[in-house]
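The values are calculated or read from the model by the stated rules, or taken from the named source; none is laboratory data. Everything numeric here is computed off the predicted structure, so don't read it as measured data. Here the Cβ is made from the backbone with ideal geometry for all residues, glycine too, and neighbour counts use every protein chain on show. Remember, those area values only see protein heavy atoms, side chains included, never the ligands or the DNA or RNA. Shrake-Rupley method; radii C 1.70, N 1.55, O 1.52, S 1.80 Å.
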Amino acid sequence: MTADRPSTAAAARAALGRGDLAHAARLATIRLSEPGGAAEGQFLLGIVEAESGRIRPAIEWIERAVALAPAGEYRAQLARLYTLVRREGDAAVVLCAAEDDPPQDALSRDTIGCVYARLGDHHAALPHFTVAVALAPDNDRFLYNQAATLSFLGLTDAAEAALETLIARAPDDARAHHLLAGLRKQTATHNHIDRLSAAHDRASADGDRLLTGYALAKELEDIGRGDEALARLTRVNAAHRAVLGYDVGRDTAIFAAIEAAWPAMAAAPIGDPSPAAPILVIGMPRTGTTLVDRILASHPDVESVGELQALPLAVKAAAGTRSRTVLDPETIRAAAGADLAAIGRDYLARADHHRRMPDRRFVDKFPGNFHYAGIAARALPNATLVCLRRNPMDTVLANFRNLFAIGSRYYDYSYDLLDIAAYYAAFDALMAVWHRALPGRILELRYEALVADQEGETRRLLAHCGLDWFDGCLDFHTNTAAVSTPSAAQVRRPIYRDSVARWRRHAAALAPVAAFFAERGIAID
């Protein structure tokens, strides 16, 4: 091969960059047979498989490459692929090895940062994002990832500076606009409304219109233009819901399946349950779950592992269903005959990958675990369950105003006020089932009561969890741990009353929701 001719590996990488996977695979196969090219050829074939959506074969190829030559780049991609098949423990092991000899290219460092973030370790992610940005300062994706992690860690000024740099060179980056709007409460003299309006008007893709629309509505609400904010949200949400084709019957069928399956689950024998005592904070989203998580994590005997998918995945694995969704009626019916103790042990094993202080109890604050409260109570006899409740009208409005993970099917209900109301009614009915079946097992905390009597409700909370009183729980806002939920900015402030009875500001727009609840006997006062 002449000196000015690209190597087989370089040509394969160039083909990957163009999206020419067939040519990249041919070149990778050639590289595999060249002297000293086995590891690189296997790695490139793994990347081709991954880009083709065949993750498990991709993992097998890259595992072979790492066994031959444990390069940082290979390890970074292997860790990423492990997370895609929910092998978080293997991903953590690979990351630990990669730290001994970190890769020197920007993409690999960004990839390692993303895997750490996926595992909930934002402190570990930040240095890798910082290196990636330093090596490739013009890469918008790397800069966004760094900014997001800075925001999760409460480094608001640094996050804001990074986002302003990004928006200056990419004025239509919808994710950057959305993240920036949420960093702090905007004021009449300091906001981005004009710039956001222009970006929203230029946006053509549904996702970009959704992100900029939410950002604009948030800032309008911040400066007191609430009616205008809600009207804009209503428009962008209606457009997105039309794209989704959502039917609330899909979710109500899941609730019905859970209730129908409960008698079998309640009667199922439990072989050898774990004595572990995790704390599960459940409820509808945007009802104070992050606040309670921060209060608990401020206790010296507790750590937070954030919002895990560990319990849904453990149930899905036990059910053995092949449906594409984690939670569906088929899976619930199949799980009814599963070994509940095995589900509990699987849950704990999955949670362990997200723990930093294994000598402490941990809080899993995934709100959607309310679907699995009965399973958790039986599978983990020593687990503590805490359910947050909030005024139904405020719950509906807060869900409507918050943009959840767009790609997650959990939150498809959240783009229409009456869809949310129907979802809330199903949640309310299911919680009644759990309280009848598990008397005294689930502590209900009302957000409004916690705001009105922080110390009294905190004492109730700690007592239910079997924790001694600790004054520092009242100063939860000084906790420096990362927060990656939409409540990140709020929980870094002392408790405030701004969000109590917020719905009354929009009573006219919410009148159909009030009527819906009245028909079903759900009190809103």
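Of the accessible area of the stretch 351-405, computed with a 1.4 Å probe over protein heavy atoms only, carbon and sulfur atoms account for 45 percent.
Rounding to the nearest 10 and keeping the result within 0 to 90°, find how far the Cα-based axis of helix 140-152 lies from the longest principal axis of the chain. Taking Cα atoms only, the helix is inclined about 40 degrees. Around the amide H of GLY154, modelled in the peptide plane, lie the amide H atoms of VAL483, all under 5 Å away and 5 or more residues distant in sequence or on another chain. Here each label is just a point 7 Å from Cα along the line to Cβ, and for ILE270 and ARG520 those points are 3.0 nm apart. Helices in the chain, meaning DSSP H runs of at least 4 residues, each add -39500 (n - 2.57). Divided by all residues, the mean residue ellipticity at 222 nm is -18500 deg cm²/dmol. Seen against the Cα atoms of the chain and their longest principal axis, helix 8-18 is set at about 40 degrees. Between ASP157 and ALA507, the contour length at 0.36 nm per residue exceeds the Cα-Cα span by 122.4 nm. The residue among MET284, HIS353, VAL433 whose Cα reaches farthest toward the positive pole of the charge dipole of the stretch 282-435, with charges on the beta-carbon of Lys, Arg, Asp and Glu, is HIS353. Legend: calculated FRET efficiency, ALA231 to ALA405, from the Cβ-Cβ distance at R0 = 22 Å, rounded to 0.05, equals 0.35. Relative to the dominant Cα principal axis of the chain, helix 310-319 is inclined by about 80°. When the Cα positions of LEU385, GLY213, HIS506 are compared along the charge dipole of the chain, HIS506 comes out farthest toward the positive end, with charges on each C-beta of Lys, Arg, Asp and Glu. Summed over the residues of the chain and divided among them, the accessible surface reaches 42 Å² per residue at a probe radius of 1.4 Å. Across the chain, C-alpha contacts under 8 Å between residues 6 or more apart give a mean separation that, scaled by the residue count, equals a relative contact order of 12 percent.
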